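Structure first, then comments.
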Amino acid sequence: MSILSLIIFSRFLFAFASTSEQYEIYHRLLPRVSDGTPRSFIPLGSISLLEQGTQSIEKRPWPDTPETTSEDDGTGWYQVGLQLGDSEDAWLFTSTRSCYLTTPPTIQVHLDGLRPVSISVQSSDIFVDCAGNTNVKLPSDISIVDFVTAVPEITLLPPLGPPPVVDSTTGAPITPPPEKTFLQKYWMYIVGLALFFAVQMGPDEPRGRGQNNGR
């Protein structure tokens with residue numbers, strides 16, 4: 001195998017190993033008042049989660065994206081779906097008001113490792129005003145949609161102790177009494193043991209007088 005072929009093959013393996021499963025993205029506009037049958041989802045493109053370095057997303061346009069004239073007056077909803085299976089029941093969904101499509105949306109993919117567990121969508125411009133009704137359209141290509149990843153952060157809980165006893169009249173915490181010393185706790189047992197040993201170590205009883213006369 002030539003050096004050039006080896007380099008090409010190694011790059012292919014690296015690219016294959018650094019990219020996880022591909023996920024297809026769909027979207028649609030839903031009117032504020034349902035007109036009966038909901039509109040069908042339209043393919044937007046696909047994403048792949050990259051393992052190398054920080055977790056990032058690679059976007060790919062959908063081949064032969066169908067032309068769509070789906071519009072909304074800004075009072076409806078923009079819904080995004082991430083396909084996880086053949087049935088829509090297994091998909092991840094998120095929605096936002098359609099008026100935010102006056103600027104390209106930002107879709108956040110929440111991960112558990114490299115597995116998507118939920119998604120959320122918001123406007124890329126935090127100052128978008130939905131006060132006036134504005135006609136909006138679906139994003140025409142995935143390249144204008146921003147994707148970001150988010151991973152859960154584990155927060156350590158503070159140590160929890162029993163709640164302090166409070167005074168029912170003032171509401172202030174009651175200061176617990178100082179802890180007793182060893183002698184204060186066990187002085188009765190110490191005195192009892194001392195008396196017991198004092199009795200056991202006393203003088204012997206005197207012998208009877210009758211015994212002395214019999215000698």
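Every number in this text was worked out from the coordinates using simple rules, so none of it is lab data. The model shown is predicted, which means the values in this text are computed figures rather than measured ones. No Cβ is skipped: glycine too gets one built from the backbone with ideal geometry, and neighbour counts run over all protein chains shown.
Based on other C-beta atoms within 10 Å, arrange 179, 24 from fewest to most.
179, 24
Over the Cα atoms of segment 18-150, what radius of gyration and what Dmax do you get, in Å?
14.8, 47
What does the extension gain come out to for residue 157 and residue 172, with contour length at 0.36 nm per residue minus their alpha carbon separation?
Between residue 157 and residue 172, full extension yields 2.8 nm more.
Select from 145, 44, 114 the residue farthest towards the positive end of the dipole of segment 18-150; place +1 on Cβ of Lys and Arg, -1 on Cβ of Asp and Glu, and compute about the Cα centre.
145
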